[in-house]
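Reading through the structure tokens given below for one structure.
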Amino acid sequence: MRRMIIDTDTAADDSFALLVGLLHPEAQLEAITIVSGNVDFDQQIQNALITVDAAGRGGEVPVHIGARVPMTRPWYAAQAHGDGKGNHDFPVPAQKASAERAADALVRIVDENPGQIDIVAIGPLTNIATAVLLDREFASKVRQLWVMGGCDNSVGNVSAAAEYNFFVDPEAADIVFRAGFDVTVVTWTLTLARALWDRDQLAEIAALGTPLSEFFTILDTPNLEFNEGVSILGSTHPDSLTAMLLVRPDLIRASSRKFVAIEHTSELTRGYSLFDDRPERNEPNATVIDDVDADGFYRAYLELLSGRR
Ligand code: BDR
Ligand code: CA
């Protein structure tokens with residue numbers, strides 16, 4: 001059983017990652033923290049609450065409001081997710097956001113449970129960096145930090161240099177990768193290779209005919225359409241892969257220790273992630289997931305959506 005907090009800019013695949021935390025038998029989701037990213041901030045709060053409801057867990061997992069903007073830069077919306085809930089009208093959730101702020105909740109929960117809480121960070125790293133600034137021991141008290149972000153010396157999705165989460169708040173990413181976490185990185189590079197579900201797979205999910213598969217299809221459709229417009233033939237699942245690997249480490253086929261650093265001074269390469277695998281030059285500070293069982297991940301997610309927990 002992994003006790004976790006999911007830090008999310010909730011839209012589409014972020015919601016699918018929340019479903020892993022909310023429904024997988026090996027996950028105990030302690031809290032959800034919201035960070036500025038994919039879509040309008042208040043919409044992200046609603047999307048998280050809607051997802052908690054969709055999982056049948058309304059009122060059971062607190063949702064904490066975090067940073068409404070990156071550390072030093074204006075909000076930068078992703079283009080890939082519509083309003084993050086499939087542009088669909090869901091019933092208004094009874095649960096409301098918690099009064100406790102995200103960074104305070106992160107610091108408190110981790111402090112009360114040193115060495116026991118994993119954090120799954122699937123948005124820009126603003127909230128995590130804020131927690132580091134609030135509590136200088138924060139990184140050492142977190143069990144493991146799993147980050148979705150960056151490209152393994154490959155092209156990005158916002159710019160040639162950068163992946164979205166690191167691009168949006170490179171200052172925060174810089175703080176986090178220098179903070180001393182036991183950190184594991186799931187990249188955009190890996191996502192394209194192993195977490196891209198084509199129309200046949202999406203049809204198989206829809207054919208499950210469960211409330212969860214219907215929820216999935218509604219939220220996923222804008223991403224599928226966006227991706228096809230940029231010649232990516234399927235919907236992409238970086239965030240749900242990250243959450244799933246925490247509870248299904250058997251899906252990891254290869255990983256490596258590397259030095260990871262984030263560019264935050266250049267505009268041309270803003271958010272570029274350096275992945276250096278020369279340990280004699282730069283001491284590794286992160287574990288990078290190099291390969292996963294793609295079909296095993298897809299099957300595990302299918303099982304989750306089948307409603308047979
Ligand atoms: C990341 O950016 C967001 O759009 C997704 O939710 C994911 O976390 C991929 O670059
Ligand atoms: Ca995300």
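Data for the structure
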| item | result |
| --- | --- |
| Residue list for segment 145-176, filter: surrounded by fewer than 20 Cβ atoms within 10 Å (Cβ to Cβ), among the aliphatic types (A, V, I, L, M), in contact (Cβ under 8 Å) with a residue 24 or more places away in the chain and away from ligand 2 (no atom under 15 Å from the Cβ) | Ala161 |
| Filter pass, Gly180 being open to solvent by 20 Å² or more (accessible area, probe 1.4 Å), part of a loop (DSSP other than H, G, I, E, B), free of Cβ contacts under 8 Å to residues at least 40 places away in the same chain and of a type outside the set (Ser, Thr, Tyr) | no |
| Residue check, Glu30 away from ligand 2 (no atom under 16 Å from the Cβ), of a type in the set (D, E, K, R) and within 16 Å of the chain's Cα centre (by Cα) | yes |
| Selection count, segment 67-82, where residues are away from ligand 2 (no atom under 13 Å from the Cβ), within 17 Å of the chain's Cα centre (by Cα) and open to solvent by less than 40 Å² (accessible area, probe 1.4 Å) | 2 |
| Hits in segment 34-57 - residues which are in contact with a Leu (Cβ under 8 Å, 6 or more places away or on another chain) and open to solvent by 20 Å² or more (accessible area, probe 1.4 Å) | Ala54, Arg57 |
| Selection count where residues are open to solvent by less than 20 Å² (accessible area, probe 1.4 Å) and not hydroxyl-bearing (Ser, Thr, Tyr), scope segment 183-199 | 6 |
| Among (1) within 16 Å of ligand 2 (Cβ to nearest atom); (2) of a type in the set (D, E, K, R); (3) farther than 30 Å from Gln144 by Cα, the one test that Asp220 misses | (3) |
| Per-region count, segment 89-107, residues touching a Leu at 6+ places or on another chain (Cβ under 8 Å) and open to solvent by 40 Å² or more (accessible area, probe 1.4 Å) | 2 |
| Residue ID - modelled with the lowest pLDDT, chosen from residues in segment 234-281 that are more than 21 Å from the chain's Cα centre (by Cα) and open to solvent by 70 Å² or more (accessible area, probe 1.4 Å) | Pro279 |
| Test result for Asn227, of a type in the set (S, T, N, Q), part of a helix (DSSP H, G or I) and either buried (at least 20 other Cβ atoms within 10 Å of the Cβ) or touching a Lys or Arg at 6+ places or on another chain (Cβ under 6 Å) (or both) | no |
| Hits in segment 8-27 (condition: more than 8 Å from ligand 2 (Cβ to nearest atom), more than 19 Å from Phe167 (Cβ to Cβ) and either part of a helix (DSSP H, G or I) or open to solvent by less than 10 Å² (accessible area, probe 1.4 Å) (or both)) | Ser15, Phe16, Leu18, Leu19, Val20, Gly21, Leu22, Leu23 |
| Segment 37-60, residues that are under 26 Å from Ala173 (Cβ atoms) and either of a type in the set (Gly, Ala, Ser) or more than 16 Å from ligand 2 (Cβ to nearest atom) (or both) | Gly37, Asp42, Ala48 |
| Of residues in segment 108-131 being open to solvent by 10 Å² or more (accessible area, probe 1.4 Å) and part of a helix (DSSP H, G or I), the one nearest to Val69 (Cα to Cα) | Thr130 |
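The values are calculated or read from the model by the stated rules, or taken from the named source; none is laboratory data. Remember, predicted model here, so these are calculated numbers, not experimental data. Every residue, glycine among them, receives a Cβ derived from its backbone with ideal geometry; neighbour counts consider all protein chains shown. In case anyone asks, the SASA skips ligands and DNA or RNA and just uses the protein heavy atoms, side chains included. Shrake-Rupley method; radii C 1.70, N 1.55, O 1.52, S 1.80 Å.
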